[in-house]
Amino acid sequence: MSKSFIEFIKSRIFLRHLLVSVLITIALLFAVFQILAVYTFHGSEVTVPDYEGLTLNELKASATYSDFDFVVVDSVYDPHKEKGTIVTQDPLPNSKVKQHRKIYLTVIASVPEKVSMPDLKDLTLRQAIATLQTYGLQLGRTELVPDIGTNAVLKQMFQGHEVKPGTMMEKGAVIDLVLGQGLGGTRIKVPFLIGMTRSAVLKLLSADSLYVGAEIYMDKKDTVNARVYKQSPAYSSGLYLNIGQSIDLWFKSDESFDWNTYMKSFDTTSSKKATSSKRDEF
């Protein structure tokens, strides 16, 4: 290192420029950190409200809509809920996040999901019901026609027209079935269905080759939780039905009705015996 270079770095001019450079660097770093703090809302957190149950229109009208960025990432179809209703959100309600954080939403779709119609031909009613449930379809009315195959599906119908396997159907569509009546002389005791859910009724009746006829919902249509309030034919220890006959059902919601008191008005001993639906040959 030369003597002149050493003398230069010791000079006032060099030290003055070095000091100015350090001060400028410190000022620039300070400005950058301040800008980043403002941009990222450093130290500023907000609580995520509960948006579940709101429609997208209600969300846009909410006071906190401008505090976040909302992104719809998925949709599901539910005929019992209003279209556009929010069903899940991420982050969850009451989470602490920075302002303008993205909130990812799942909403109720306005158009039902489509499924491919399965081939139910030659299946038993029980197998057909299980297949329909797997595909998100619903069992509608059943019709019996003379045929050698007892309880076997001959046709699958939608709104009065036969529907072929592979046809794209809206999820939740109601499928009617045409079944073979068979040639046997077996008769079935009328089962006691009061207080049972629709799914339990379908399971019991299908086991005895009986079917659901008319379905009347007395307060609101709830195929999951509503229970049988009335049946026709009514239960009677001496009343029998032929294989393939149907039973009309009246349903009542279990939300406010006192089922315990109502069920006490029936002969529970005979009711339990009725659920076995023993077959008698003639």
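The values are calculated or read from the model by the stated rules, or taken from the named source; none is laboratory data. All values reported here derive from a predicted model rather than from experimental measurement. Counting neighbours? That spans all protein chains shown, and the Cβs are built from the backbone with ideal geometry, glycine included.
Observations
- As a summary of the residue check, SER256 satisfies the conditions (1) surrounded by fewer than 17 Cβ atoms within 10 Å (Cβ to Cβ); (2) in a helix (DSSP H, G or I); (3) modelled with pLDDT under 90 except for the one numbered (2).
- Single unsatisfied condition, THR186 versus (1) farther than 30 Å from LYS81 by Cβ; (2) at pLDDT 90 or above; (3) hydroxyl-bearing (Ser, Thr, Tyr): (2)
- Counted as qualifying within the range 156-251 are the strands (runs of 3 or more DSSP E) with 2 or more residues that are free of Cβ contacts under 8 Å to residues at least 60 places away in the same chain, within 20 Å of TYR262 (Cα to Cα) and among the basic types (Lys, Arg), namely 227-232.
- Condition met for VAL224 (surrounded by 13 or more Cβ atoms within 10 Å (Cβ to Cβ) and either within 22 Å of GLY172 (Cβ to Cβ) or touching a helix residue (DSSP H, G or I) at 6+ places or on another chain (Cβ under 9 Å) (or both)): no
- Restricted to the range 96-126, and to residues there that are modelled with pLDDT of 90 or more and of a type in the set (S, T, N, Q), the residue that is surrounded by the fewest Cβ atoms within 10 Å (Cβ to Cβ) is SER116.
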